[in-house]
Structure formats: C-alpha cells, structure tokens
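A.B. asks: Sharing a structure here in structure tokens format.
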Amino acid sequence: MHNANSAPLRARRAAPLTGTAQIPGDKSISQRALILGALADGETRITGLLESGDVHSTAGALSAFGATLTQEGPGRWRVLGTGVGNWTSPAAPLDFGNSGTGSRLVMGAMATTPITATFTGDASLRSRPMARVVEPLLAFGVTYEGQGEKALMPLTLHGAKAAKAITTHVATASAQVKSALLLAALNAQGTSRISQDALTRDHSEKMLAAFGAKISVSPRAEGGEVITVEGPARLTGCNVEVPRDPSSAAFAIVAALVVPGSEIELPAILLNPRRTGLIQTLLEMGAQIDVRNKRTSGGEEIGDLVVRRSQLKGVEVPADRAPSMIDEYPILAVAAAFATGKTAMRGLEELRVKESDRLEAVALGLMLNGVRYEIEGDDLVVEGMGPDGVPGGGTVPTHMDHRIAMSFLTMGLASQQPVTVDDVTMIATSFPEYQDLMKGLGAVMEAP
C-alpha cells in the first residue's frame, strides 16, 4: 500500500530535547464526544477536541446523519443532536478517510435505527476488516453488504427495525467492537448485556454515563466484566473537556527518554488506567517519568508528566497489558531498541488488524535499522542495542500508518545514522501538530 503523493522525512541526532510539549486532545475521547453529541437531545459543547483528519471525517459523517456540528474555534465545537433513533439516511456514501475508530463506532450508533448508509475510506481503511464489527451487530437485526469475507469497505449497512436487546460476549480485546455494541444497544428495546474477557478502554462507558445513559459495569466471576445498557435510551447534551492524548504523547516521551540530556514536560495528559500501559512498562524499564498535579476532568484522571533521558533495561510485557497500550507497541519497540537486554512483548495479535499489519511493519523497520528481533507467533522480542548502539540508516516503509512513521522518526533522533520514513502525509489523521511540536523541543527532521 503506497501513497502516490508521499512525503518522506528524515530524523537525525541533535541536541537534547527540552521544553513543554502541548499534546493535542485525545482522539478516542474526541471521536466519542462528537458521536454521543450527535445522538443526544440538545446541545453538547466540546473543548480541547483533536483537530485531525480522523475527527473531521467523523464530524462530516455525523452531519450527513442529520446532526448539526459547528466549529467555534480551535478545539471548540458545538453539536446539536437529533436524539437517539432519529438519524436519517445519508444522501451519499460516508468517507471516513483513515478513521477506523470513527467508522466502526458510527456503524454501531446507526445499527438499531432503520436507515441505510454506505461506509468507505482511504486505501488503508478499505483494507481493514469490518466483519469483526458488523458480524456482532447482526444480533440486533442489521444486514449489510461488504467486500469479501472480511466485509471490507465500501460497506453498506442497513439498520434494524424494532431492535431488541441482546446478550453477547466480545471475544476479541477490542474497545471498538465493544463500543459499537454499546452504541447499538441505546436504541434497542430492553437491557443489553455485553461481556468481555479483557478490560479494554472504557471511555465509551464513562461518557455514556455522563450523557445520561443507564449503564452499569460489574466484574465477571470468570474474569473480565459485563456491561449492561438499558434501551431505548435518552441522552442529554452536556459539556465535554477532552484531555490530552497519551498515545500521541508516547512519541515525545520516548524521544526524551532516548535522546541524551533531554528533559521535557507534558501537561494535562490523560491517565486513565486502561490507557497507561506504555507508561507502566517504561517505568518498569527504568524510565524517569514523574507524574505531577494529578486531577480529575470529566470523569477522567489527568496529570502533568516530566520526562528525563534514562538508561532503559529490557523487560517482559505480559499479554494482558495489550489492551491498555495496543497503539503504543511500535514506539515501545523503538524504546526497547535503545535498552540493554531483551524486551518481550506478548500477545500482539490485535496489531495485525490495525492501519497496517503493525507487527510485520515494526519488525521490518527494526531490521532495516540494524536492530535484532524475533517474532514468535504473536509475540515480538526485541534485543536491546544499548543507549548509543542503534545503527539506524534505514528507510522505513510506513504502509500509510501514522504510528509506524512517528515511531521510526523517534528512532532517528538517537540512532547513530539518520532514519528516513517513506511518507508522513498520513500523520495528519491523528497528530497534525507532530512535526512542529517535535521541532519545537529541538528535534531535527528534514526532507531527505
């Protein structure tokens, strides 16, 4: 998969990184705030919204369903919702760009309203399996036409008429699948029960409660949890302050840990325990990350981070940590390359169905830059080269995956030779400020 209008970028060693990194708003919470605002009665005002391609694609789709979305300033949006069950069929196919989260959650949000919509996106999104979301939605009575057995986009979804509540188990450790089912349950008659083995991101549950849904979460005797949602629900618009995205912060954090002499501050980072697996792992590796001024905003814990260059050591990362850091494994692999000893990351099967097969993409990037690794099934073991021992010098294919691009640019900031990535245009889908932010801290990134 390649972008005909690609823009390569090279990162190389420079002076220590210093200063304050103002990370953009959390993408997962931004997406959910728009979607719930569009489903709610009345007005939702959002501050700190991530202004990215993915979020704008979702906003466009929600407008096509009949909600009114108005941007009032950078990160400030006003949403007038239709009320649950009152969306109307869009007049044209919905283009979600690169947004897997937006498209999958919107499929759930419309699944129990008797309307029809066609979902499509860029080449990367059209290659990602949608069956994992639409197949569980069949229980509500939806029908669909997708491409092949993976139900690739373009995909046309027909919402259910008079949907009834369901009881189902989500076998995959996917917050997107779970959230799609929770959103579908809002317009189903009765109490839906959705259980999961893994404790995936719980932003949907927290935000649904804030919008007035009757939702409860309880542990299961056999592990995991069960979430109950009463329908049909009435959501009420509210004010949402979006905290700063820990997944985007990951690149600046690891850069500061591996570039000699660095010390940076990252204010107001989301510290939801189901999103801080990377920070937990880096601390186990010996990272100097201080958390200051912990506080709560909109039901979510946030705090200010101070990160200093650190001597990292290899660790074992258990499979049950994967849901809390699924997007951070590429950048963790880069941190592991600068550690001493081996870092073993277990249970990474979800990486194979991201924007690219991230497991293979990470492995190739490591190989091209002289870092030794092994893939054992769905496990990745990286052999650390030490703080100054990563050769670098490679040109990494990003496969239109923003996290692969940003991860290997981070490697180039501390490797012996510069590291080039073949395309950075897709970074705008999640983190449009990335280059300016990193250069403001002292990073050297330039066209090759």
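A.B. asks: If I build a Gaussian network model for the chain, linking alpha-carbon pairs within less than 10 angstrom, which residue out of ALA249, ALA91, ALA339 has the largest mean-square fluctuation?
C.D. replies: Taking springs between Cα atoms under 10 Å, the residue moving most is ALA91.
A.B. asks: Then there is this: Go through GLY286, GLY299, LEU271 and say which Cα lies farthest out towards the positive end of the charge dipole of region 257-299; charges sit on Cβ, +1 for Lys and Arg, -1 for Asp and Glu.
C.D. replies: Of the options given, the answer is GLY299.
A.B. asks: Considering only DSSP beta bridges where both residues belong to the chain, give the percentage that are antiparallel (nearest 5). Working shown, then result.
C.D. replies: Working: 58 of 79 bridges.
Beta bridges within the chain, antiparallel portion: roughly 75 percent.
A.B. asks: Please report the relative contact order for region 132-219, taking Cα pairs under 8 Å with a sequence separation of at least 6, and give it as a percent rounded to a whole number.
C.D. replies: 25
A.B. asks: Next question. Under a no-solvent Debye model with one identical scatterer per Cα of region 188-266, what's log10 I(q)/I(0) at q = 0.12, 0.17, 0.25 Å⁻¹?
C.D. replies: Once normalised to I(0) and log-transformed, intensities are -0.57, -0.81, -1.15.
A.B. asks: Does region 286-351 classify as rounded, prolate or oblate by the C-alpha gyration tensor (a ≥ b ≥ c root eigenvalues; a/c under 1.5 gives rounded; else a/b over b/c gives prolate, otherwise oblate)?
C.D. replies: oblate
A.B. asks: Right, here's the next one. What's the ranking of 36-45, 285-294, 208-217 by average number of surrounding C-beta atoms within 10 Å, highest first?
C.D. replies: Peptide ranking by packing, descending: 36-45, 208-217, 285-294.
A.B. asks: Can you check how the C-alpha radius of gyration of region 340-403 compares to 2.2 N^0.38 Å, as a plain ratio?
C.D. replies: Values: Rg = 12.0 Å, N = 64, 2.2 N^0.38 = 10.7 Å.
Computed over Cα atoms of region 340-403, the ratio equals 1.12.
A.B. asks: If you fit an axis through the alpha-carbon atoms of helix 246-258 and take the longest principal axis of the Cα set of the chain, what angle between them do you get, 0 to 90°, nearest 10?
C.D. replies: Rounded to the nearest ten degrees, it is 10.
A.B. asks: Here is a follow-up. Nothing charged except the Cβ atoms of Lys and Arg (+1) and of Asp and Glu (-1): what's the magnitude of the dipole of region 90-225 about its Cα centre? Round to the nearest 20 debye.
C.D. replies: Roughly 200 debye, rounded to the nearest 20.
A.B. asks: Would you calculate a helix-derived [θ] at 222 nm for the chain, using -39,500 (n - 2.57) for each DSSP H run of n ≥ 4 and dividing by the full residue count, to the nearest 500?
C.D. replies: -8000 deg cm²/dmol
A.B. asks: Measuring from the lowest to the highest alpha carbon on each principal axis, how far does region 3-155 reach, largest first, in angstroms?
C.D. replies: 59, 40, 25
A.B. asks: Taking the convex hull of the Cα atoms, report for the chain its projected area averaged over all directions, in nm².
C.D. replies: Result: 19.0 nm².
A.B. asks: Moving on. I'd like the antiparallel share, as a percent to the nearest 5, of DSSP beta bridges with both residues in region 27-241.
C.D. replies: DSSP beta bridges in region 27-241 are roughly 70 percent antiparallel.
A.B. asks: By how many degrees, between 0 and 90 and to the nearest 10, does the Cα long axis of helix 358-368 differ from the longest principal axis of the chain?
C.D. replies: It is inclined by approximately 10 degrees.
A.B. asks: Going down the table (LYS150/LYS294; LYS206/LYS439; LYS178/LYS294; LYS150/LYS313), which pairs top 31 Å between alpha carbons?
C.D. replies: With Cα atoms farther than 31 Å apart: LYS150/LYS294; LYS206/LYS439; LYS150/LYS313.
A.B. asks: Moving on to the next point. Measure nothing but the geometry: give the 0 to 90° angle between the long axis through the Cα atoms of 402-412 and the longest principal axis through the Cα atoms of the chain, rounded to 10°.
C.D. replies: 10
A.B. asks: Over the Cα atoms of region 193-331, what radius of gyration and what Dmax do you get, in Å?
C.D. replies: My reading of the Cα-based Rg and Dmax gives 17.3, 56 Å.
A.B. asks: When ranked by the protection proxy of mean other Cβ atoms within 10 Å per residue, highest first, what sequence do the peptides 220-226, 130-136 form? Could you put the intermediate results ahead of the total?
C.D. replies: Details: 220-226: 11.9, 130-136: 20.7.
The packing order, highest mean first, is 130-136, 220-226.
A.B. asks: Something else about it: Roughly speaking, what % of Cα-Cα pairs in region 27-241 are separated by over 33 Å, rounded to a whole number?
C.D. replies: 7
A.B. asks: Using only alpha carbon positions, build the gyration tensor of region 133-203, then give the equivalent ellipsoid semi-axes as the square roots of 5 times its eigenvalues, largest first, whole angstrom.
C.D. replies: Ellipsoid half-lengths, sorted descending, are 20, 17, 9 Å.
A.B. asks: For ASP202, what charge total do you get from the other residues with a beta carbon under 14 Å from its beta carbon, if Lys and Arg give +1 and Asp and Glu give -1?
C.D. replies: +1
A.B. asks: A further question follows. At q = 0.11 Å⁻¹, work out log10 I(q)/I(0) for region 317-430 with the Debye formula, treating every Cα as an identical point scatterer and leaving solvent out; two decimals please.
C.D. replies: -0.30
A.B. asks: If packing is taken as the average number of other Cβ atoms within 10 Å across a peptide's residues, how do 18-24, 315-321, 147-153 rank, most packed first?
C.D. replies: 18-24, 315-321, 147-153
Read-outs: derived from the displayed coordinates by stated rules, not from any lab. Everything numeric in this text was worked out from a predicted model, so none of it was measured. Neighbour counts are summed over all protein chains in view; Cβ atoms, including those assigned to glycine, are modelled from backbone coordinates with ideal geometry.
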